[in-house]
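Following: one structure in structure tokens, then a few remarks.
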Amino acid sequence: MRRMRFPALDGLRAIGALAVLTTHVGFQSGDALNGPFAGLLSRMDIGVAIFFAISGFLLYRPHAVAWFEETDPPLLLPYLRNRALRILPALWVAVVLAAVLVPNGEAVSWVHYLHHATFTQIYVAGPTVLGLTQLWSLATEVAFYLLLPFLAKLLTSYERPTRRGVRWRLAVLFGFTLLGPIWMGSVTATEQARAGLWLPGYIGWFAVGMGLALWQVARASGRLGPSILDTLTKIPGTVWGIAIALFLLAASPIAGPYNLNLPTVGQAVLKNLLYTGIAACVVFPAITPTRRTVAILGGKVGHFAGDISYGVFVYHLIVLSLVQHLFGQTLFGGRFAVLFWPTLAASIAVAAASYYGMERPIMRRGRRDRSYDVSGVGRDSSANAQPKRIDDWTKPEVRPAPPAGQG
């Protein structure tokens, strides 16, 4: 099977980070609560669903490839090492910067910063730590990282990949997309707000990416025949148009209030389902890209933006706090545009410095690969035309399986 990179996903990472930054500026300014564009701004948290779907696709796909090629799946320890190298350095720097630069009340102690540094803040009661509130989603994603090897083993063990087996697994992953709405409805009904941050509420967003990965590998190997999805690969604009329509629906009050009031059970369920559909429609064209899609999302700008997107996500609330102080803005004081552009520009600058000055060198040293880059696109002049045919995230960990009967 010919393995591929997916450079168009770089641009989607950047879009996800921009969406998260936008919704937080909207909230801090108050425009996402009661401004004229409150619905659109408040639902920009869709960036989290896009991030989760991309993670599900990229991290599960090596397991699917190994299943179809009958090789060993990614090794557990290198997988965990690589995830730690990717997320921990910038996270720990952000926690220190928040402790030093962002004023918090006396109720916030070093213990609460430690919780954020260890991804445990969503499981324990504690005060809000300003500058780090977005990290709940990173804690949820880490829970997925830990679950994935075991979940992938259940989905790829016990039989060889047949058309029937692939369809059965796709049905299981589709079932996971229903678990999130059920969980969120139950959490809302029982008023267990903290449990609304846990992985079960979002497993469906990861499952979207996992399902797309399994479909893409199965289709490339010939295990699945043509379907309507093949037609949709040729009309990415239509698929993204569906995503926009679903987003506009989610931006209406039927998906819940824009302010801090609790949604009804029905609103919580519907919002989760709509975000699942949006994530699927946003990511699908990027894994089956046309040349135009790759040129737009996976060119040099997309490559750079994809590289620094994690840093933008991690640092932007600290930057926003400093921008608010600089302009004398109070919480919910309005002036969205005044806060947005300086926050975006400064977040990009900080994220770029972090990535090229710290994150990438650490990853290269830890992986013992002097050329490693999160987005392996941009060094190849053909990268703007078509996906590269190397899976940089699978190659170091996948090795041939021993012959039958030898371990």
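Values quoted throughout were computed directly from the atomic coordinates according to the rules given, and no laboratory measurement underlies them. No experiment lies behind these values; they were computed from the predicted model shown. In this analysis, Cβ positions are derived from the backbone assuming ideal geometry, glycine residues included, and neighbour counts consider all displayed protein chains.
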The chain, Gaussian network, Cα under 10 Å: of Ala171, Ala195, Ala250, the residue fluctuating most is Ala171
So what J values fall out for the stretch 162-171 if you push phi through Karplus, 6.51 cos²θ - 1.76 cosθ + 1.60 with θ = phi - 60°, rounded to Hz, Gly and Pro as x? 10, 4, 5, x, 5, 5, 5, 5, 4, 5
Specify the longest stretch of the chain that does not include any exposed loop site, a site being one of the GluC sites (Glu not before Pro) with a non-H, G, I, E, B DSSP assignment and at most 13 other Cβ atoms within 10 Å. 192-407
Label model pair Arg194, Ala353: point-to-point distance (7 angstrom along the Cα→beta-carbon line) in nm is 3.6
Of Thr233, Thr162, Thr290, which has the largest mean-square fluctuation in a 10 Å C-alpha GNM of the chain? Thr162
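For the chain, please report how many Lys pairs fall under 25 Å Cα to Cα, leaving out neighbours fewer than 8 apart on the same chain. Don't skip to the end; give the middle numbers.
Values: Lys153/Lys395; Lys234/Lys300; Lys234/Lys388; Lys300/Lys388; Lys300/Lys395.
Value for the chain: 5.
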Volume in Å³ per residue [convex hull over Cα atoms, computed for the chain]: 147
Per-pair calculated FRET efficiency, R0 = 60 Å: Thr231 and Val124 via Cβ, rounded to 0.05: 0.80
By how many degrees, between 0 and 90 and to the nearest 10, does the Cα long axis of helix 203-221 differ from the longest principal axis of the chain? 30
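Eigenvalues of the Cα gyration tensor times 5, then square-rooted: what semi-axes does that give for the stretch 247-314, in whole angstrom, largest first?
Working: eigenvalues 197, 53, 15 Å².
Gyration-tensor ellipsoid for the stretch 247-314: 31, 16, 9 Å.
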Name the residues whose placed amide hydrogens come within less than 5 Å of the amide hydrogen of Val108, ignoring near sequence neighbours (fewer than 5 apart) on the same chain. none
Farthest toward the dipole's positive end in the chain, which of Gly302, Leu262, Tyr202, given Cβ charges of +1 (Lys, Arg) and -1 (Asp, Glu) about the Cα centre? Gly302
Along the stretch 68-85, Karplus-curve 3J(HN,Hα) (6.51, -1.76, 1.60; θ = phi - 60°) to the nearest Hz, with x for Gly and Pro, reads 6, 8, 6, 10, 5, x, x, 6, 5, 5, x, 4, 5, 4, 5, 5, 5, 4
Considering only Asp31, Asp45, Asp72, give the residue with the highest GNM mean-square fluctuation for the chain, with springs between Cα atoms whenever their separation is below 10 Å. Asp72
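Taking the Cβ of Leu173 as the center, what net charge do the other residues with Cβ under 14 Å away carry, scoring Lys and Arg +1 and Asp and Glu -1? Provide the component values of the computation, followed by the final result.
Numbers: positive: Arg61, Arg167, Arg169; negative: none.
Summing Lys/Arg as +1 and Asp/Glu as -1 gives +3.
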Whole-Hz ³J(HN,Hα) from phi, Karplus 6.51 cos²θ - 1.76 cosθ + 1.60, for the stretch 109-117, glycine and proline x: 10, 4, 5, 6, 5, 5, 4, 5, 6
Could you work out the relative contact order of the chain? I mean the mean sequence separation of Cα pairs under 8 Å and 6+ apart, divided by the number of residues, in percent. 33
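Exposed loop sites here are chymotrypsin sites (Phe, Trp or Tyr not before Pro) in DSSP loop states with at most 14 other C-beta atoms within 10 Å. What is the longest stretch of the chain lacking them? Please report the intermediate quantities before stating the final value.
Details: sites that count: Phe37, Tyr123, Tyr158, Phe327, Phe332.
Here the longest run is 159-326.
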